Structures are given as structure tokens and as C-alpha cells.
Amino acid sequence: MAHLEASIAEMNLYQINNAPRKPRILIAASGSVAAIKFSNLCHCFSEWAEVKAVATKASLHFIDKVSLPKDVTLYTDEDEWSTWSKIGDNVLHIELRRWADIMVIAPLSANTLGKIAGGLCDNLLTCIVRAWDYSQPMFVAPAMNTFMWNNPFTERHLMMIDDLGISLIPPVTKRLACGDYGNGAMAEPSLIFSTVRLFFQTQGEQSNSTTANT
């Protein structure tokens, strides 16, 4: 957690100078119907943090770009190499990884879960995950059909990402978009936000306590 502690220390320094820096949260959506809540999720975080957003091609079927907060930039696969022309130019997935204090993938589809567990990186979102510094926190909020959630592959994939240090915000049981009733619905944006904020604040308190005792 060295990077997070350094970021928190930086924030504390700014606070001393009466110019606090907000947390930097990178929020990503993969291809699930639950991505209709992505704008709501971004609004939850943008009131507390600096937010940048990433969307896969499939997730764009469900995201209303117009309803995103005006100060949130949305990056897609088309942006990955659009500004790159020569060696030495910035690479977007690396720049976003460097910028973020925390990454949140919500919704996390079964497909993207499988990609992350297998180390695949064929779009902007998964390239960021593959390049991620796992001393920094990452949260995922899965969303999928109940039978997909209960599939043996899902348990294996969750174990693999847990080994990386990725934190799970579990899905909930409700009537799903497909009409089935069961577990697999993405946690509500308010719960995702409160989980991440509580984690960040707890880490900040622990960092301050450690600093005070040294």
C-alpha cells in the first residue's frame, strides 16, 4: 500500500496548506446491463473525488454519456491509441494507472472477470488492469445472470483475482434484467461508493496514526 500511503501523505500536506487534493478514482464499466447505473455511480463519486471513467465497447450499449457528470472524462477503446503517433508519446492505459489512487470496476461482467483472471488485455479496461500496481486498491462489483454467477468458473476466477489483492463488492439477490430471480445483480452505486470511501478514510486514519507514532 506504499503508493496509497504516499497519496494520503500528499493529501495531508495539501490540507496543511489549505489546498486539499481530492482522491483520484478511476471508475470502469464492462458489458453488463447494470452499466445503466454507471452515470449514477460516477455522480456518487464525483461529489467526493476526482473521477475519470473508462467504458468497454459492450458497456456503451447501456451508458447514457449525456448524463455523466460534466467534469468526468469518459475514455473508450478508441481513445487508447488515438493520440499516440511515435515512441515517447503517452500511452493512455499507463497514464490512467499512474493517475489513479483507486480503481473501481462496476459493473464487472462474467467475460471481463474471466479476462482479468486469465491475464488477458485486449481493450483499454483490461490493459489498465494488467498494468496495475497491486499495492494500490482495486474494487470490483460483479453483475451477471444467477447461473453465470454460480458457474464453477466464476468461483475459480474470483479466487484468482483475490490472490492479486482485488477487493470484491458482492452482487445481491433480486429480479434480474433477464427476468430470472437470484443472486448476480450489481450492488447499488451508493453501497459501492460507501465501501470505497470507508476503505480510503480508514487507510488515511491508519497512515496518520503511523506518522504520529514515528
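The values are calculated or read from the model by the stated rules, or taken from the named source; none is laboratory data. Just so it is clear, the structure is predicted and the values come from calculations on it, not from any experiment. Reconstructed Cβ throughout: ideal geometry from the backbone, glycine too, with neighbour counts over all protein chains shown.
Out of the residues in the range 24-51 that are assigned to a helix (DSSP H, G or I) and of a type in the set (S, T, N, Q), state the one that is farthest from residue 175 (Cα to Cα).
46
Please indicate, with yes or no, whether at least one residue in the range 126-143 is in a helix (DSSP H, G or I), closer than 14 Å to residue 32 by Cβ, at pLDDT 95 or above and in contact with a helix residue (DSSP H, G or I) (Cβ under 8 Å, 6 or more places away or on another chain).
For the range 126-143, residues in a helix (DSSP H, G or I), closer than 14 Å to residue 32 by Cβ, at pLDDT 95 or above and in contact with a helix residue (DSSP H, G or I) (Cβ under 8 Å, 6 or more places away or on another chain): absent.
Rundown of residues vs (1) in contact with a strand residue (DSSP E or B) (Cβ under 8 Å, 6 or more places away or on another chain); (2) among the β-branched types (Val, Ile, Thr), yes/no style:
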position	(1), (2)
91	no, yes
107	yes, no
110	yes, no
113	yes, no
117	no, no
120	no, no
123	no, no
134	no, no
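Evaluate the range 82-99: report whether one residue or more is under 19 Å from residue 168 (Cβ atoms), crowded, with 20+ Cβ neighbours inside 10 Å and free of Cβ contacts under 8 Å to residues at least 60 places away in the same chain.
no
Restricting attention to the range 164-177, does a residue exist that is modelled with pLDDT of 95 or more, within 24 Å of residue 48 (Cβ to Cβ), hydrophobic (A, V, I, L, M, F, W, C) and part of a helix (DSSP H, G or I)?
No, there is no match, as no residue in the range 164-177 is modelled with pLDDT of 95 or more, within 24 Å of residue 48 (Cβ to Cβ), hydrophobic (A, V, I, L, M, F, W, C) and part of a helix (DSSP H, G or I).
Quick one: which of 54, 66, 104 is out of contact with any His (no Cβ under 6 Å at 6 or more places or on another chain), in a helix (DSSP H, G or I), modelled with pLDDT of 95 or more and among the aliphatic types (A, V, I, L, M)?
Exactly one residue qualifies, and that residue is 66.
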